[in-house]
Amino acid sequence: MNKVGIVGIGTTQFKARWIDKTYYELAYDAAKLALEDAGIGKKDVGGVVYGIYNEFFERQFMPDVYIHNYIGMGGKPSVRVATGGATGGAAVFVAWSWIAAGLYDTVMVLGVEKATDNYNYTVGHPTPETLKAILFSGDMTFENPMGLTAAASYALPLIAHINKYGTPTERQMAMVSVKNHKNAMNNPIAQSPKLLTVDDVLNSKMITYPFKFYDNCLYSEGASAIILASEDKAKALTDNPAWISGVGLSLDKAFAGERDDMTIFTSSQYAGRDAYAMAGIKHPRTELDFAELHDAFTGAEILSYEAFNLCGPGGGGALIEDGVVEMTGDLPVSPSGGLIGCGHAVGATGVMQTGEAALQVQGRADKRQVKNARVGLVQSIGGPATAWTAAMIIERIDTVKAKPAAQKKARRPGTRRT
Amino acid sequence: MIQNKEQWLEEASRKIKVPKELIARAFHEELEGNPAIDAPLEVPDIMDITYKYTYGGISRFFRELRDNQQLYGTKCTTCGTVWLPPRINCNECYAPTTWVKLGDTARIVTYTIVYYATSVFYGKTPYVCAFVKVDGADTLIMQNVFLKDVRQAKVGMKLKIQFKENRNGDMGDFWFVPAQEAL
């Protein structure tokens, strides 16, 4: 397998509505930013993988074909990935495989979503209609008629987990919300930068038990593009590429009622296991410097700590309480602000997170830079009851060259970086 | 500028099946204001498809619900797993299944309470969505649980099935209530 580097990153503002742009105009903006960042032109791109989730959002089936045309890639290889909330991450996975297989030297991953062009005229707001559009992803015969929402889909495994372990508590979940809104203060593209208190979160209105308003991410519009390159190409383009050293992809049983254990994000466990194995990571809790996790809901971030083996089953709540996952802790989670702080422009989200991880290991993350960030984890979740996960390990070049896993920092779990 | 506002509203209302007043409210700026020629222009639209959908091999499940107020699962002829939702084959054994009558009692394995719903369910909140284990089935099915107070929902809560009076042959034909209440 060929090594795969990230050589260009471009993300538009994530915001509630891009009223002055269509989905292909937004896609164009991200593509242009990523090409400029890589220092290449569109003629240098071997192919494009599109991450676009929902036809009803875009008001268009096969939206990728019109973007491909709009951004001037006509004639080049292209495929669209649609894996629910994991769309962006899975698109990165597919583009990675094209380069790993030696098919192309340079591949663009382009994620975009216009989530709030749909509109509920009775309420005078997009969200109920956005939720309706999403619910077409629930099994139309057995689950769609039950009035499930995306939040409910996450709450079901979470309540099972709380029932078994007593955690996460509502306070621990609120702390994740405070952290991610706060991290977003350092991210110029973020939709929801906010200084909140735990009480602000606890006192916000109930949306889907146990998630209150500030436990939820917001729907965003935006686009994000990254340019992946083969080893030779990456080294020719930059002396400081980020490397995708591990990938994993899992699709668990979408009829979650068939699962053996409702309390684990099994798809994240499997995707993480595979990504860790490929990257040679044995002790993620000490070997990872940061993670960009799929915090669509606060409780999901906490269950993800457990699925990715950053702690034992039921131990996720303690990681936020002990400050480990704060920017000041030794394993900051979602320095970008994550989905809660930066936003969730579905198809663009996983691409944005991968780009953020690359900026971190390249030392280009400005005010949200994690000190000495060398190895990071990216998680992209989608589908009913977190059925899908794409996971990526993003590393700085010197760690890939030498792989000195054993000599890496030996911080004790629970200690803080000073 | 929209030339004939009344006609525009009538056509929009017919097209997207929304009352004229609500469309007028949403497009107030376009109808009454004076937007610049290059200001973003929004239009009312809808995506709409009608179906005559077949339930295929699990048609009997919905006929039993609709015509006989009876819940059926399917049992794998090889491993014996009882499936609910039913399926006509087993995804472990790749063997056929046979229909089995299920009990009318169940319990909550996990649940959530929806306070903010999709457009379709907007006026029906709060309501409980749960994965329930029906007695006689090995898998869980998602269903609504109706409670006097939604906050009574609990993992392990014992339930009894209830059928709708006028059934249509879909998952809305039944739901669950607490076992004591149904007695």
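Please treat every number below as a calculation from the coordinates, not as lab data. As the structure is a computational prediction, the values presented were derived from the model and not from experiment. Note that we place each Cβ from the backbone using ideal geometry, even for glycine, and neighbour counts take in every protein chain shown.
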Handout entry: Magnitude of the charge dipole, region B:1-48, Cβ model with Lys/Arg +1 and Asp/Glu -1, debye to 20
Key = 200
Handout entry: Charge-dipole axis of region A:39-176 as Lys and Arg at +1 and Asp and Glu at -1 on Cβ define it, positive-most pick from A:PRO157, A:PHE61, A:VAL176
Key = A:VAL176
Exercise for the section: Per residue of region A:208-222, in order, report the coupling 6.51 cos²θ - 1.76 cosθ + 1.60 (Karplus, θ = phi - 60°) as ³J(HN,Hα) in whole Hz, putting x for Gly and Pro. Expected result: 8, 3, x, 8, 9, 3, 7, 7, 9, 7, 9, 6, 10, 10, x
Handout entry: Global geometry of the protein assembly as shown, whether rounded, prolate or oblate, following the gyration tensor of its Cα atoms and the 1.5 cut on a/c
Key = oblate
Problem - Peptide-level mean, for B:102-115, of C-beta atoms on other protein chains within 10 Å - result: 5
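For peptide B:142-152, what's the mean number of Cβ atoms from other chains within 10 Å of each residue's Cβ?
So the per-residue partner count for this stretch is 2.
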Practice task
Sort B:169-175, A:352-358 for me by packing, meaning the mean count of neighbouring Cβ atoms within 10 Å per residue, highest on top.
Solution key: A:352-358, B:169-175
Completion exercise
Note on chain A: helices (DSSP H) long enough, at least 15 Å by alpha carbon along their axis, and hydrophobic enough, mean Kyte-Doolittle at least -0.5, are A:23-38, A:87-100, A:150-165, A:346-361
Practice task
Please compute the net charge surrounding A:LEU339, taking Lys and Arg as +1 and Asp and Glu as -1 over other residues with Cβ under 11 Å from its Cβ.
Solution key: -3
Practice task
State which stretch of chain A is the longest one without any exposed chymotrypsin sites (Phe, Trp or Tyr not before Pro), exposure meaning a DSSP loop state and at most 13 other Cβ atoms within 10 Å.
Solution key: A:137-418
Problem - Dipole of region A:258-366, positive end: most advanced residue of A:SER336, A:MET278, A:ALA348 [Cβ charges, Cα centre] - result: A:MET278
Fill in the blank from the handout: Here the whole-number average of other chain Cβ atoms within 10 Å per Cβ of A:152-158 is 5
Practice task
Could you list which residues have their amide H under 5 Å from that of B:TYR127, counting only those 5 or more apart in sequence or on another chain, with H placed in the peptide plane?
Solution key: B:VAL114
Fill in the blank from the handout: In deg cm²/dmol, rounded to the nearest 500, the helical mean residue ellipticity at 222 nm of the protein assembly as shown, built from -39500 (n - 2.57) for every DSSP H run of length 4 or more, is -9000 deg cm²/dmol
Fill in the blank from the handout: Among beta bridges assigned by DSSP with both residues in chain A, the antiparallel ones amount in percent, to the nearest 5, to 75
Practice task
Would you kindly derive the ³J(HN,Hα) couplings of region A:10-22 from the backbone phi angles with the Karplus curve 6.51 cos²θ - 1.76 cosθ + 1.60 (θ = phi - 60°), listing them in order in whole Hz, with x for Gly and Pro?
Solution key: x, 9, 6, 3, 8, 8, 4, 7, 9, 5, 9, 9, 7
Problem - With Cα atoms, 0 to 90° folded angle of helix B:5-16 axis to chain B main axis - result: 20
Handout entry: Residue among B:THR98, B:PHE62, B:MET171 farthest towards the positive dipole end of region B:56-182, charges placed on Cβ
Key = B:MET171
Fill in the blank from the handout: Karplus ³J(HN,Hα) for region B:165-172 (6.51 cos²θ - 1.76 cosθ + 1.60, θ = phi - 60°; Hz, whole; x = Gly/Pro) runs 5, 9, 9, 10, x, 8, 5, x
Problem - Estimated D of chain B in µm² per second, where Rh is the Kirkwood radius over Cα pairs and Stokes-Einstein applies at 20 °C, 1.002 mPa s - result: 106
Fill in the blank from the handout: Amide H contacts under 5 Å for A:PHE290, restricted to residues at least 5 apart in sequence or on another chain and with H modeled in the peptide plane, are A:VAL375, A:LEU377
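Can you tell me which of A:168-176, A:340-348 comes out highest on packing, and rank the rest after it, using the mean Cβ neighbours within 10 Å?
By packing density, highest mean first, the sequence is A:340-348, A:168-176.
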Problem - Dipole magnitude of chain A, debye to nearest 20 (Cβ charges: Lys/Arg +1, Asp/Glu -1, about Cα centre) - result: 960
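For chain B, what is the relative contact order in percent, using Cα pairs closer than 8 Å and at least 6 residues apart in sequence?
16
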Problem - For B:THR78, net neighbour charge (Lys/Arg +1, Asp/Glu -1) across residues whose Cβ lies under 15 Å away - result: 0
Exercise for the section: With a cut-off of at most 16 other beta carbons within 10 Å, and DSSP calling the residue loop, which trypsin sites (Lys or Arg not before Pro) in region A:354-390 qualify? Please list them. Expected result: A:ARG364, A:LYS371
Problem - Using alpha-carbon coordinates, inclination of helix B:59-68 to the longest axis of chain B, degrees - result: 80
Problem - Given A:LYS132/A:LYS182; B:LYS75/B:LYS160; B:LYS101/B:LYS148; B:LYS52/B:LYS133; A:LYS15/B:LYS15, the pairs whose alpha carbons are separated by over 25 Å - result: A:LYS132/A:LYS182; B:LYS101/B:LYS148; B:LYS52/B:LYS133; A:LYS15/B:LYS15
Problem - 11 Å beta-carbon shell around A:ARG259, net charge (K/R +1, D/E -1) - result: -3
Practice task
Would you work out the charge dipole size for region B:56-182 about its Cα centre, treating the Cβ of every Lys and Arg as +1 and the Cβ of every Asp and Glu as -1, and quote it to the nearest 20 debye?
Solution key: 140
Completion exercise
Rounded to one decimal in Å, the inverse mean reciprocal Cα-Cα distance for region A:183-289, i.e. its Kirkwood radius, is 18.4
Practice task
Could you list which residues have their amide H under 5 Å from that of A:VAL45, counting only those 5 or more apart in sequence or on another chain, with H placed in the peptide plane?
Solution key: none
